[in-house]
Amino acid sequence: TYEDKPRRKACMQALQSICKIEMFKPELPMLIETLISIVNEKQEDASAQELSLNILSGICKDQRENQKLFRRKGGIELVVNALQYEEVDQSGNSITFLVAVLDCISNAVFGNKRSEIHFLDIDGVQNLLNLVENSDYTIKRLALSNLCSILESPKSFKYFVEWNSKKTSINAT
């Protein structure tokens, strides 16, 4: 059952392994909506949310149709909201959660023009810059990598220039 946490975790780990196999990826879009709903649930233990983000990342990697479905089901809003921290908690759980979020952004958003534009329109660049400013070294490097990826889009520059730090009022440049 859904309440059987060990079984649910084992199933999700199996799905994570399956989504790494290219021939299965086109068969997995029916999981996207369910996985997004799991990430949206507020839980004490973020491991199910992390696994869901990892599976979403794997399902969408190099799969344009899956990226499109991810966008249509509200996945981009989900990952942008997951980046919005006033103060990033430096515990191990939040770090691995943020790694999963950044990986999901990299595979489910970047490389798809419409998804990138939507990411820009809902303040994705601003949230990445806030994360860079407020996080530790590991997260900062991954966030900078994502920022470099999105800045390859010519439409992203204006969002980059508009950002000002909430802490120090300096701009991104």
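Annotations
- Selected from I21, I122, I36 as most flexible by GNM, with the chain as the system and alpha-carbon contacts under 10 Å: I21
- Averaging Cα coordinates gives a centre for the range 31-64 and one for the range 96-137; these two points are 15 Å apart.
- The angle between the Cα long axis of helix 92-108 and the main principal axis of the chain comes to about 90°, on a 0 to 90 degree scale.
- Pairwise FRET efficiency - N171 versus E33, Cβ, R0 = 35 Å, nearest 0.05: 0.35
- Extension gain, D121 to R141: 0.36 nm times the residue separation minus the Cα-Cα distance gives 4.9 nm.
- Mean sequence separation of contacting Cα pairs (under 8 Å, at least six apart), scaled by the length of the chain, corresponds to a relative contact order of 18 percent.
- The chain: calculated mean residue ellipticity at 222 nm from DSSP helix runs of at least 4, using -39500 (n - 2.57): -19500 deg cm²/dmol
- Taking each of K61/K158; K9/K68; K42/K155; K25/K166 in turn, the alpha-carbon distance tops 32 angstrom for K42/K155; K25/K166.
- For the range 1-48, the set of trypsin sites (Lys or Arg not before Pro) satisfying both a DSSP loop assignment and a count of at most 15 other C-beta atoms within 10 Å is given as K20, K42.
Values quoted throughout were computed directly from the atomic coordinates according to the rules given, and no laboratory measurement underlies them. All values reported here derive from a predicted model rather than from experimental measurement. A quick note on method: Cβ atoms are made from the backbone with ideal geometry, for glycine too, and the neighbour counts reach across all protein chains shown.
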